1. I'd like the residue in region 112-149 that is farther than 26 Å from V170 by Cβ and among the hydroxyl-bearing types (S, T, Y) and, out of all such residues, is most open to solvent (accessible area, probe 1.4 Å).
2. Take I120 and decide whether it is modelled with pLDDT of 95 or more and farther than 16 Å from N143 by Cα.
3. Listed residues F47, F96; which is at pLDDT 90 or above and within 26 Å of D122 (Cα to Cα)?
4. Restricting attention to region 20-30, and to residues there that are surrounded by fewer than 16 Cβ atoms within 10 Å (Cβ to Cβ) and in contact (Cβ under 8 Å) with a residue 24 or more places away in the chain, which single residue is nearest to Y83 (Cα to Cα)?
5. Is region 179-200 home to any residue that is touching an Asp or Glu at 6+ places or on another chain (Cβ under 8 Å), aromatic (F, W, Y), closer than 30 Å to Y102 by Cα and modelled with pLDDT under 85?
6. If I ask for residues that are under 18 Å from L195 (Cα atoms) and without any contact (Cβ under 8 Å) to a residue 24 or more places away in the chain, which ones from region 139-152 would you list?
7. Anything in region 87-111 that is in contact (Cβ under 8 Å) with a residue 60 or more places away in the chain and either assigned to a helix (DSSP H, G or I) or open to solvent by 40 Å² or more (accessible area, probe 1.4 Å) (or both)? List them, or say none.
Amino acid sequence: MAAENLSNCLDISCGIPTDVKFLFIKEKIGKELKAHKFPLAVASDVFQRAFYGSMKKEATEEEDVKIVDASMEVFKTMVEFIYNKELNWNAFDLHFLSSLYYLGDKYNIANLKASVLNSIADHQRVNMENVLAVVTLAEENVNLYPLYEQLYQMSVAFLDINFQGSYKEVVKFFSDPKSFEADPRIVAKLMQKLLVFKSLSLSCSNCGKFPCLDGEDQLWRILSQEQELGASMGTPAPTLALDHRCLNWLTFMKMLGIFLVAVKLVP
């Protein structure tokens, strides 16, 4: 019961005086958040050391703490989580959740980090319009490996479903102007992770050989024809006779993977 009522302490009318005030340096003057040291220290050993460590002088009035690496809204959400306030996780976008995970990591709040990852996994937040932005966000959080991996896995799983086993869908996606606008190293890593996601060896999953005995030559001929079609002025696409036993999007991705290693875009 006590834990359920803890969120009431966030209301200034609760009658329990606050003893810490967070000031947000990068935001407008007057952006501040008041809280109570004790529940913060219980939730985070980082706060515990900051507020009650052996070298800490006893405070006789409300203490000011400057925050330089988070917005007030994200920091406030972390405080609300600590105070056991029910959060609407669906209202947070991936950038917000990533910032919240960063705070959970900084202040060593394991259940906050787990809740963020669960929210990302439970709600579909990736689409064809933002998938490259999501993997870019993953790279921006490469030092937060669980978050980094969660964002990549979600993106790769989404693409795998949407490619529907068709190499043409792969060509369409990676030849889209948005793909060229993205960092080529990120696009290359996304290709690599698609291969890992499928747990493939370099040999063809159908004929068992590499290069593919049935599809290799056709593959590059098809790519050349695709380029010619792109340069043409509205010419109808010719009907291509494909050997679908081996020439599928997985074979295509494997060939791309070999190429990327050759040109040193991926290790």
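1. So, considering only residues that are farther than 26 Å from V170 by Cβ and among the hydroxyl-bearing types (S, T, Y), the one most open to solvent (accessible area, probe 1.4 Å) is Y145.
2. On the way: modelled with pLDDT of 95 or more: no; farther than 16 Å from N143 by Cα: yes.
In short, no.
3. Numbers: F47 fails: within 26 Å of D122 (Cα to Cα).
So the residue among F47, F96 that is at pLDDT 90 or above and within 26 Å of D122 (Cα to Cα) is F96.
4. Keep residues of region 20-30 that are surrounded by fewer than 16 Cβ atoms within 10 Å (Cβ to Cβ), which gives 21, 25-30.
Adding the requirement that they be in contact (Cβ under 8 Å) with a residue 24 or more places away in the chain leaves 21, 25-27.
On the way: K21: 16, I25: 24, K26: 25, E27: 24 Å.
The residue in question is K21.
5. Scanning region 179-200, I find at least one residue that is touching an Asp or Glu at 6+ places or on another chain (Cβ under 8 Å), aromatic (F, W, Y), closer than 30 Å to Y102 by Cα and modelled with pLDDT under 85, so the answer is yes.
6. Y148, E149
7. So in region 87-111, the residues in contact (Cβ under 8 Å) with a residue 60 or more places away in the chain come out as 106-109.
Once the filter is applied, which keeps residues that are in contact (Cβ under 8 Å) with a residue 60 or more places away in the chain and either assigned to a helix (DSSP H, G or I) or open to solvent by 40 Å² or more (accessible area, probe 1.4 Å) (or both), region 87-111 yields K106, N108.
The values are calculated or read from the model by the stated rules, or taken from the named source; none is laboratory data. Predicted, not measured: the structure shown is a model, and the values here were computed from it. In this analysis, Cβ positions are derived from the backbone assuming ideal geometry, glycine residues included, and neighbour counts consider all displayed protein chains. In case anyone asks, the SASA skips ligands and DNA or RNA and just uses the protein heavy atoms, side chains included. Shrake-Rupley method; radii C 1.70, N 1.55, O 1.52, S 1.80 Å.
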